[in-house]
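Student: Here's a structure for you.
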Amino acid sequence: FKGGDTCEYLLSSGRFLGEKVWQPHSCMMHKYKNSEARNCLIDKHIVFIGDSRIRQLFYSFIKLVNPQVKEEGNKHGNIPFEDKSASIRVDFLWYPEVNGSMRQRIKTWTEGSVAKPHIIVAGAATWSIKIHNGSNEALTQYKINITSIAPLLEKLAKSSDVYWVLQDPVYEDMLSESRKMITNEKIDAYNEAAVRILNSSSRNSKAKVKVFSVSKLIAQETIMKSADGLHLPESSRDTNAMILMNVYCNKIMKPIDGSCCQPQPPLTLIQKLAFCFFTLSIIGYLIINLIHRNNFQKNKSCTDLESGEEKKPAISTPNVSTLEMLLHSFCKLGLIMTYFYLCDRANLFMKENKFYTHSSFFIPIIYILVLGVFYTESTKETKVLNREQTDEWKGWMQLVILIYHISGASTFLPVYMHIRVLVAAYLFQTGYGHFSYFWIKGDFGVYRVCQVLFRLNFLVVVLCIVMDRPYQFYYFVPLVTVWFMIIYATLAIWPQIVQKKASGNCLWHFGLLLKLICLLTCIYFLSYSQGAFEKIFSFWPLSKCFELNGNVYEWWFRWKLDRYVVFHGMLFAFIYLALQKRQMISEGKGDPLFSNRVSNILLFISIVSFLTYSIWASSCKNKTECNELHPSVSVVQILAFILIRNIPGYVRSVYSAFFAWFGKISLELFICQYHIWLAADTKGILVLIPGYPMFNVLVSTFIFVCVAHEISQITNDLAQIVVPKDNSTLLKRLLCIAGFFSGLLLFSAVQDQSRH
């Protein structure tokens, strides 16, 4: 950990990812939209003062505010720009040399009666080299002039942001005859003088002129693409302007994916309380552990002198062991949450932007597929979608989704569309699994509901508290939670139709189908009635769970995107279980699911359907249009995969233990990636070991997977304690949980009030 200000890194160091994406050292750069730039610079006055290179930077900067601006006007004169709607003024002042004229202009801003610009960007040197034919006398005069200007800039830096732009290198082979004297050696001498004088001037001053030296690094990579050897190509100018925007606006706008120049967020009241709770849990566990060790020493086996028999040590009471397990779990969880906070809220570890290449996505995919095939084992049972097979399915899908996220593959539309199918497949399994349980077991008790809700939501609730994020931020958990409650309500509402009841009378099957049709009608209505949907989820306290950035639009979008797939999962489960009950399918080891002829026909149709969907997804040109079709057609590839995976008996009889292991912790992997594998709430990549990308990924992945596995075990342990089977005890626990969430809402309201 080097410490320091990420602003300094942003202004001085970085590298290119590919040809056009600039990656600052240690932090992430946000790409500002025009609306964001206007909101940041509202009522601001910005001045660019210098030569033609500064003029280029001026134009790139104002195009971030208004992209319609054209580079017109007197090239060797002042150029004003104003956005009246946002009261933004940006001026370019033509001062190609660091001389008395520039000093006089800067001096006027230091006088009390004149309004000072909020941002000043200055720089010049190449004209001095050109006019004086690169003489040493010109360099000496430059040093004298910049020495006289430096105190004025320091004075301005106390109330304004002042940047001195160092000179970019030139491409000497392309320079015209009139510019041949501008050499990189001369430019380095001028830059060295400017840095030395400005740094020495600010040594004893809190205010500091920021040296904009990153432009040199960018120019070194791109100047050969220059039209004249002197001026940067447009893409490089735009990068410099975006860096300038990040330096000034990140601390104002606080974009999630702009970690450069952002201060560490202060701890909220709820975070402080969580910190105290975990600290007390750790202390409590250590004390109890110490007491148990002492008791163990005292209760060691000893001989009764009267009877001559050996006494057995006293057995600990169940209450003590439960308390110890509770404190032990919270102790581990507290340490893990500290790691979460340090990774993604404290400015301790570095963060970098994602950069997609085909190789960064497809090579890891091939690698994990080979590993998965290598660890093949026989299944315990050969039923369709047996436990090992669904764990395997969840596992490889989760690994593909993780690679998709870390590689930034969402920018490649065909990959995006296939990943949408994987997310839909998770929800399909939700519909299939919960429907099968309720249909076969007929268990609609509170214990089952509480167990599922606890296992789904425990980690997310803790992260909402520790990481200060809304519940809807972890969108997948709200999605599966709401769908579970919908499945439960559909089947639990009178009349409760289960397999045992339906086997006695076939009419009950029609009753269940009627329930499913009603569910489909409600889904269809809500998907095309955004107003009704938003009204339902805008009621307090539901709004506290489903709002993101002040509205429930994101929740509506996420729900609508896969609105039919849970219904498809329920319907598939109903049809499959009905066929299984009537022994219309063969699930013996090595046997095809149907007769050879039917199996071959279905297998052929499934393969064609699978490939047809992939071809359609790969030909997608517009994400919005493809998202509109996705809810209706995603089930095609899901069903095709299920049939391909289950029709051949030999394929159904084996599974990948490697994928199944990851499948058992898939939910924890999906949630934990937000903060300890990716960074800046999934927008970037966590860097534990800078300078070694592959080694960094290996180390961070190892820690990430271990943490996810540990959290899965903690959740299982706590579920047994928090959600007991005894109804009276469970009711008391539910009252305690209700009190906890009431307190959380109260503290949240106090927190929101203090923020406003």
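The values are calculated or read from the model by the stated rules, or taken from the named source; none is laboratory data. Predicted model only: the values in this text are computed from it and were never measured. Here Cβ is always computed from backbone atoms with ideal geometry, including for glycine, and neighbour counts include all displayed protein chains. For the accessible areas, the whole protein counts, side chains as well, though only heavy atoms, and no ligand, DNA or RNA atoms are used. Shrake-Rupley method; radii C 1.70, N 1.55, O 1.52, S 1.80 Å.
Student: Among VAL461, VAL477, VAL482, VAL446, which is without any contact (Cβ under 8 Å) to a residue 12 or more places away in the chain and among the β-branched types (Val, Ile, Thr)? Show your work before the answer.
Tutor: Working: VAL477 fails: without any contact (Cβ under 8 Å) to a residue 12 or more places away in the chain; VAL482 fails: without any contact (Cβ under 8 Å) to a residue 12 or more places away in the chain; VAL446 fails: without any contact (Cβ under 8 Å) to a residue 12 or more places away in the chain.
That would be VAL461, the only listed residue that is without any contact (Cβ under 8 Å) to a residue 12 or more places away in the chain and among the β-branched types (Val, Ile, Thr).
Student: Still on this model: How about segment 585-663: which helices (runs of 4 or more DSSP H) wholly inside it have at least 1 residues that are at pLDDT below 95 and polar (S, T, N, Q)? It would help to see each step written out before you state the result.
Tutor: Details: elements: 596-618, 623-646, 649-652.
Counting at least 1 such residues, we get 596-618, 623-646.
Student: Now a separate question. Sort out which residues of segment 326-382 are among the charged types (D, E, K, R), out of contact with any strand residue (DSSP E or B) (no Cβ under 9 Å at 6 or more places or on another chain) and open to solvent by less than 40 Å² (accessible area, probe 1.4 Å), and write them in order of number. Walk me through it before giving the result.
Tutor: In the first step, residues of segment 326-382 are kept if they are among the charged types (D, E, K, R); the result is 332, 344-345, 351-352, 354, 377, 380-381.
Among the residues that remain, those that are also out of contact with any strand residue (DSSP E or B) (no Cβ under 9 Å at 6 or more places or on another chain) are: 332, 345, 380-381.
ARG345, the sole residue that qualifies.
Student: Name every residue in segment 400-432 that is of a type outside the set (Phe, Trp, Tyr), in a helix (DSSP H, G or I) and without any contact (Cβ under 8 Å) to a residue 60 or more places away in the chain, in order of residue number.
Tutor: First pass over segment 400-432, keeping only residues of a type outside the set (Phe, Trp, Tyr): 400-403, 405-411, 413-415, 417-425, 427, 429-431.
Going one step further and asking which of them are in a helix (DSSP H, G or I), we end up with 400-403, 405-407, 409-411, 413-415, 417-425, 427, 429-431.
Within segment 400-432, VAL400, ILE403, SER407, ALA409, SER410, THR411, VAL415, ILE419, LEU422 meet the criteria.
Student: A further question on this structure: Going residue by residue through segment 488-497, is there one that turns out to be in contact (Cβ under 8 Å) with a residue 60 or more places away in the chain, under 23 Å from SER666 (Cβ atoms) and within 35 Å of the chain's Cα centre (by Cα)?
Tutor: no
Student: May I ask you to say which residue of LEU139, LEU175, LEU153 is within 19 Å of LEU244 (Cα to Cα) and either assigned by the TED database to the domain that holds ASN99 or free of Cβ contacts under 8 Å to residues at least 40 places away in the same chain (or both)?
Tutor: Numbers: LEU139 fails: within 19 Å of LEU244 (Cα to Cα); LEU175 fails: within 19 Å of LEU244 (Cα to Cα).
Going through LEU139, LEU175, LEU153 in turn, just one is within 19 Å of LEU244 (Cα to Cα) and either assigned by the TED database to the domain that holds ASN99 or free of Cβ contacts under 8 Å to residues at least 40 places away in the same chain (or both): LEU153.
Student: So which of LYS535, LYS544, LYS515, LYS501 is of a type in the set (Lys, Arg) and closer than 16 Å to GLY431 by Cα?
Tutor: Values: LYS535 fails: closer than 16 Å to GLY431 by Cα; LYS544 fails: closer than 16 Å to GLY431 by Cα; LYS501 fails: closer than 16 Å to GLY431 by Cα.
The match here is LYS515.
Student: Taking the condition surrounded by 14 or more Cβ atoms within 10 Å (Cβ to Cβ) and in a helix (DSSP H, G or I), does ILE282 pass?
Tutor: On the way: surrounded by 14 or more Cβ atoms within 10 Å (Cβ to Cβ): yes; in a helix (DSSP H, G or I): yes.
Criteria met by ILE282.
Student: Hand me the list of helices (runs of 4 or more DSSP H) wholly inside segment 469-531 holding 3 or more residues that are modelled with pLDDT under 95.
Tutor: Values: elements: 476-492, 499-502, 507-527.
Because the criterion is at least 3 residues that are modelled with pLDDT under 95, the helices (runs of 4 or more DSSP H) in segment 469-531 that meet it are 499-502, 507-527.
Student: Considering only segment 213-228, I want to know if a residue exists there that is over 40 Å from the mean Cα position of the chain (by Cα) and of a type outside the set (Phe, Trp, Tyr). Before you say what the answer is, go through the steps one by one.
Tutor: From segment 213-228, those over 40 Å from the mean Cα position of the chain (by Cα) are 228; that's our starting set.
Imposing the further condition that a residue be of a type outside the set (Phe, Trp, Tyr) reduces the set to 228.
Within segment 213-228, one or more residues are over 40 Å from the mean Cα position of the chain (by Cα) and of a type outside the set (Phe, Trp, Tyr).
Yes or no, residue by residue, for (1) in the same structural domain as LEU166 (by the TED database); (2) assigned to a strand (DSSP E or B); (3) at pLDDT 95 or above:
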position: ILE49; (1), (2), (3): yes, yes, yes
position: ARG55; (1), (2), (3): yes, no, yes
position: TYR59; (1), (2), (3): yes, no, yes
position: LEU64; (1), (2), (3): yes, no, yes
position: GLU72; (1), (2), (3): yes, no, no
position: GLY77; (1), (2), (3): yes, no, no
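Student: Continuing with the same structure: For CYS672, only one of the following conditions fails: (1) out of contact with any His (no Cβ under 9 Å at 6 or more places or on another chain); (2) modelled with pLDDT under 95. What is its number?
Tutor: (2)
Student: Sticking with this one: Return yes when LEU244 is in a loop (DSSP other than H, G, I, E, B), touching a residue at least 60 places away in the same chain (Cβ under 8 Å) and not polar (S, T, N, Q) and no when it is not.
Tutor: On the way: in a loop (DSSP other than H, G, I, E, B): no; touching a residue at least 60 places away in the same chain (Cβ under 8 Å): yes; not polar (S, T, N, Q): yes.
Criteria not met by LEU244.
Student: A further question on this structure: Residues to consider are CYS249, CYS276; find the one that is open to solvent by 20 Å² or more (accessible area, probe 1.4 Å) and outside the structural domain of ALA679 (by the TED database). Quick ask: steps written out before the conclusion?
Tutor: Working: CYS249 fails: open to solvent by 20 Å² or more (accessible area, probe 1.4 Å).
Testing whether each residue is open to solvent by 20 Å² or more (accessible area, probe 1.4 Å) and outside the structural domain of ALA679 (by the TED database) leaves just CYS276.
Student: Answer yes or no as to whether ARG53 is within 20 Å of LYS210 (Cβ to Cβ) and over 44 Å from the mean Cα position of the chain (by Cα). Outline the logic, then answer.
Tutor: Numbers: within 20 Å of LYS210 (Cβ to Cβ): yes; over 44 Å from the mean Cα position of the chain (by Cα): no.
Judged against the criteria, ARG53 is not a match.
Student: Enumerate the pairs (first residue in segment 9-24 and small (Gly, Ala, Ser); second residue anywhere and in a strand (DSSP E or B)) with beta-carbon separation below 8 Å, excluding pairs fewer than 6 apart on the same chain, so at least 6 apart or on different chains.
Tutor: Qualifying pairs under 8 Å: SER12/VAL211; SER13/PRO24; GLY14/TRP22; GLY14/GLN23; GLY14/PRO24.
Student: Same structure, new question: I need the full set of residues from segment 679-695 which are part of a helix (DSSP H, G or I) and within 21 Å of GLY258 (Cα to Cα), in order please.
Tutor: Going through segment 679-695, the residues part of a helix (DSSP H, G or I) turn out to be 693-695.
Matches in segment 679-695: PRO693 only.
Student: Separate question: Which ones in segment 5-48 are more than 26 Å from PHE349 (Cβ to Cβ), in contact with a Lys or Arg (Cβ under 8 Å, 6 or more places away or on another chain) and buried (at least 22 other Cβ atoms within 10 Å of the Cβ)?
Tutor: ILE46, PHE48
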